[in-house]
Amino acid sequence: MARTIENLRIERGLGQRQLAARCTALGRPMSNTMLSRIELAKRRCDIDDLVAIAAALQVSPAALLQGPGAA
């Protein structure tokens, strides 16, 4: 999942700060440090994070869980 988030973020031309800001705007406060740690699998991605990141990337949460190529 971590690699999928990073890949989708890069494909969409977003920096970590931009994606974190989108998550925050959607009601899930997130710093770029938090996002970085999620992408590096150094921080647990809870369901609220998953839903916000998926919405910010315009994919389903299931697509993030299924891995590369699913989105």
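If I ask for residues that are among the hydroxyl-bearing types (S, T, Y) and either in contact (Cβ under 8 Å) with a residue 24 or more places away in the chain or not in a helix (DSSP H, G or I) (or both), which ones from the stretch 25-71 would you list?
Correct list: S31, S60.
Among the residues of the stretch 3-14, is any basic (K, R) and free of Cβ contacts under 8 Å to residues at least 12 places away in the same chain? Quick ask: steps written out before the conclusion?
Initially, the stretch 3-14 is screened for residues basic (K, R), giving 3, 9, 12.
Adding the requirement that they be free of Cβ contacts under 8 Å to residues at least 12 places away in the same chain leaves none.
There is no residue in the stretch 3-14 that is basic (K, R) and free of Cβ contacts under 8 Å to residues at least 12 places away in the same chain.
Being small (G, A, S) and closer than 12 Å to Q16 by Cα is the filter; apply it to the stretch 34-56 and report the residue that is surrounded by the most Cβ atoms within 10 Å (Cβ to Cβ).
The first filter runs over the stretch 34-56 and keeps only residues small (G, A, S), leaving 36, 41, 52, 54-56.
Next cut, closer than 12 Å to Q16 by Cα only: 36, 56.
Numbers: S36: 15, A56: 25.
Among those residues, the one meeting the criterion is A56.
How many residues are farther than 17 Å from V51 by Cα and surrounded by 14 or more Cβ atoms within 10 Å (Cβ to Cβ) when one looks only at the stretch 13-33? Break it down into steps so the answer makes sense when it comes.
At the first step, the residues of the stretch 13-33 found to be farther than 17 Å from V51 by Cα are 13-15, 17, 33.
Filter once more, so that each one left must be surrounded by 14 or more Cβ atoms within 10 Å (Cβ to Cβ): 14.
Qualifying residue count, the stretch 13-33: 1.
If I ask for residues that are more than 16 Å from T4 (Cα to Cα) and either over 11 Å from the mean Cα position of the chain (by Cα) or small (G, A, S) (or both), which ones from the stretch 21-46 would you list?
Residues satisfying the conditions are A21, T24, A25, L26, G27, R28, P29, S31, T33.
Please verify whether G13 is at pLDDT below 95, out of contact with any strand residue (DSSP E or B) (no Cβ under 6 Å at 6 or more places or on another chain) and in a loop (DSSP other than H, G, I, E, B), treating the condition exactly as stated. First the steps, then the outcome.
Numbers: at pLDDT below 95: no; out of contact with any strand residue (DSSP E or B) (no Cβ under 6 Å at 6 or more places or on another chain): yes; in a loop (DSSP other than H, G, I, E, B): yes.
The answer is no for G13.
The values are calculated or read from the model by the stated rules, or taken from the named source; none is laboratory data. All values derive from a computational prediction rather than experimental measurement. Note that each Cβ is placed from the backbone with ideal geometry, even for glycine, and that neighbours are counted across all protein chains shown.
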